[in-house]
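Colleague: Dropping the structure in here first, questions after.
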Amino acid sequence: MTSRLLNKYQAGLTLLETMIVMAILALVMGIAGTSYQRFFSSQDNKAKELTALSEQIQTFRLKAMALGKMQELELGSIFSSEVTLCDGFTNNKVIFHKNGTVAIGPICIMDLENVQKTILVDWVTGATTFAD
């Protein structure tokens, strides 16, 4: 009796239904993978730009201390074409005093997604961080 019920009400998926589900999953994973890579590559670019800025600031800071005279750094020369200074941003030079202090306010940049970001520079150490 039970074998007759199983034949009448078979459970499970056909091969075609399984293949359709697999195709949908492959499509979703392809889209998600591309978005995942794009997100992390943009994060890497931001980190690289901040690292480049930090290195340039520290180099010029040490140069000013070693030479014993003021040094100026043009911000436009640091950033790649992917990251630009904000429109109307007038504070485009960093001044390094002979005692090692850095004279600049917050640095305004536009990232890859045209989002305005602010970079803060510690005036004593020259360390850079993104403002939250």
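Colleague: Starting from segment 1-26, keep only residues that are modelled with pLDDT under 60, then list their pairs with residues that are of a type outside the set (Phe, Trp, Tyr) and surrounded by 10 or more Cβ atoms within 10 Å (Cβ to Cβ) whose Cβ atoms are within a distance under 9 Å, requiring at least 6 positions of separation or different chains.
Modeller: That search, which allows pairs on different chains as well, returns nothing.
Colleague: Then there's this: Go through the residues of segment 43-51 one by one and say whether even a single one is within 14 Å of LEU120 (Cα to Cα), part of a helix (DSSP H, G or I) and modelled with pLDDT of 75 or more.
Modeller: Yes, segment 43-51 has at least one match.
The values are calculated or read from the model by the stated rules, or taken from the named source; none is laboratory data. Because the structure is a prediction, the values reported are computed rather than measured. All Cβ positions, even for glycine, are placed from backbone atoms using ideal geometry, and neighbour counts span all protein chains on display.
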